[in-house]
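Worksheet: the structure to be examined is printed underneath.
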Amino acid sequence: MPEILEQDINQQHMQQVHQSLDRGLFVHVRKLLQNMPAYDVALILESSPAKTRDIVWQLIDPDLHGEVLEELNEEVRKGILRSMHPEKVAAAAEGMDVDDLAEVLRTLPENEYQEVLKSMDSQDRARVETALSYDEESAGGIMNTDTITLRPEVTVDVVLRYLRLKAELPEATDSFYVVDRNDIFIGAVSLSALVTSQPETNVSTLINNNVEVITAEMAVTEVAQLFERHDWFSAPVIDNKGHLLGRITIDDVVDIIREDAEHSMMSMAGLGDEADTFAPVVKSTQQRSVWLGVNLITALLAVAVTSLFDDILGQLTILAILNSLVPSMGGVAGNQTLTLVIRGMALGHIGDSNTKELLTKELAVGFLNGLIWALLIATVVAIWKQDLTLGSVIAFAMLMNLTAAGLAGVSIPLVLKKINIDPALAGGVLLTTITDVVGIFAFLGTATLMLGS
């Protein structure tokens, strides 16, 4: 119910803004945007056609540009950044978290990216360049350097006085990290332990030395798995020499999980996970044409297999009617297995140690499903056409194709992963090709042998 309510509110916001723009009430739109959270403003931008998007961006308070840029998806952000002067991008970057700023700068062309860096002060530039030195799919690429460090020899009283002078804590702070004079990570002191200890207590007595750390080169998917396993709120990031570099917080991990989910969903359709819903017609056509071309090639392969059996199809019209049934069932069964395996790989459930067991299990499932549906369809066809041989033909083809679908559903994502191809992107097309070809060949090939004159 809360989700439905939130969607209704977002729709109301979008309707108010678009109606006011149509009526030329720009001052009213500016006031509406000022009273909205950055996420809602970003949603309005993403939900607007290109021309309207430019107008809305101009009406947003420049002080909020940075917050809104953080919330936008990559494609929409690229379009907006292209229209901004580097000095304005630098101004919008003030106050942004380092990880969010690094993500924004990665979308800029090299020359603009360098101009933005030159427009920053030396401290911000150094922090951003550190983040940009790591791969964007690594822990170092998503970490935030805004963290408070403590020395083990100071007292709780000193730390609390420092915090009062600082007046505010970095967002999502649940612990403070303890380092030596060379910034080597020692351990962590929880916020609760700090505020409940006596003022004269040394920080060294409160240190938790068993804190699990994240290395800067660790893949973001592994980071997300660690947060899920340990229910972390934040975690320290170190380099290969043990120096504390920054931290990753739960909001960063939520972004990773959301992006992975979007990636899997969009990849199944052959689209980028940051595809712009309101992208220009030509650009959208280009993005989709590639995958349509791949699909056409695979479909032509199935047609070529069908054409090998022109003679038998000419003799028995019923075969042409039933020809799509076997590949269709195989495609559904294979996609069930494929989805299950891709999900298992994403969650870390599947590895070299259990691949054989998974393959055996899915082969058995495919064979058993094939047996069940083969008997059912054979009975229906035999009664319908009063032809037991025709029923046997489609039963054999169904059994073969569902068994092959189970085998392909496991094998395809495992093979694609080994050759560094995203299973979510290419798995569906390959699976459809295999189930179509095997289904058609098994059905028409068997029909040629048993029914051909």
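The values are calculated or read from the model by the stated rules, or taken from the named source; none is laboratory data. All figures in this text were calculated on a predicted structure; none of them were measured in a lab. Backbone-built Cβ (ideal geometry, glycine too); neighbour counts: all protein chains shown.
In summary, V211 fulfils each of the numbered conditions (1) over 28 Å from D157 (Cα atoms); (2) surrounded by 16 or more Cβ atoms within 10 Å (Cβ to Cβ) with the single exception of condition (1). Exactly one residue out of E103, E115, E75, E67 is farther than 28 Å from A126 by Cβ, assigned to a helix (DSSP H, G or I) and touching a residue at least 24 places away in the same chain (Cβ under 8 Å), and it is E75.
Look at (1) assigned by TED's automatic domain parsing to the domain that holds S234; (2) touching a strand residue (DSSP E or B) at 6+ places or on another chain (Cβ under 8 Å) and you find that T130 fails only one, number (1). Here Q114, Q58 are screened, and the one residue that is within 24 Å of R30 (Cα to Cα) and either buried (at least 19 other Cβ atoms within 10 Å of the Cβ) or not assigned by TED's automatic domain parsing to the domain that holds S204 (or both) is Q58. Flag: V178 does not match the condition of being in contact with an Asp or Glu (Cβ under 8 Å, 6 or more places away or on another chain), surrounded by 14 or more Cβ atoms within 10 Å (Cβ to Cβ) and assigned by TED's automatic domain parsing to the domain that holds G246. A single entry from G439, G427 fulfils the requirement of being in the same structural domain as A304 (by TED's automatic domain parsing), of a type in the set (G, A, S), under 21 Å from the mean Cα position of the chain (by Cα) and modelled with pLDDT under 90: G427.
Residue count for region 121-138 satisfying the condition of being surrounded by fewer than 17 Cβ atoms within 10 Å (Cβ to Cβ), among the small types (G, A, S) and in a helix (DSSP H, G or I): 2.
Residue-by-condition table, conditions (1) over 17 Å from S190 (Cα atoms); (2) within 29 Å of the chain's Cα centre (by Cα); (3) among the small types (G, A, S):
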{"residue": "R106", "(1), (2), (3)": "yes, yes, no"}
{"residue": "E112", "(1), (2), (3)": "yes, yes, no"}
{"residue": "M120", "(1), (2), (3)": "yes, no, no"}
{"residue": "V154", "(1), (2), (3)": "no, no, no"}
{"residue": "P170", "(1), (2), (3)": "no, yes, no"}
{"residue": "T173", "(1), (2), (3)": "no, yes, no"}
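Please work out if R181 is closer than 18 Å to L244 by Cβ, part of a loop (DSSP other than H, G, I, E, B) and out of contact with any strand residue (DSSP E or B) (no Cβ under 8 Å at 6 or more places or on another chain). In short, yes.
When residues in region 159-216 are screened for being closer than 30 Å to E137 by Cα and among the aliphatic types (A, V, I, L, M), 13 of them pass.
So that you can scan it fast, the table gives a plain yes or no per residue for (1) at pLDDT 85 or above; (2) loosely packed, with under 15 Cβ neighbours inside 10 Å:
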{"position": "M1", "(1), (2)": "no, yes"}
{"position": "I9", "(1), (2)": "no, yes"}
{"position": "V17", "(1), (2)": "no, no"}
{"position": "V27", "(1), (2)": "yes, yes"}
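V341 meets all of the listed conditions (1) in a helix (DSSP H, G or I); (2) surrounded by fewer than 20 Cβ atoms within 10 Å (Cβ to Cβ); (3) out of contact with any Ser or Thr (no Cβ under 8 Å at 6 or more places or on another chain) but one, namely (2). Among the residues making up region 139-169, those that are among the hydrophobic types (A, V, I, L, M, F, W, C), in a loop (DSSP other than H, G, I, E, B) and surrounded by 13 or more Cβ atoms within 10 Å (Cβ to Cβ) are M143, I148, V154, L169. Check region 134-148 and report whether any residue there is without any contact (Cβ under 8 Å) to a residue 24 or more places away in the chain and hydrophobic (A, V, I, L, M, F, W, C). The answer is no; no qualifying residue exists.
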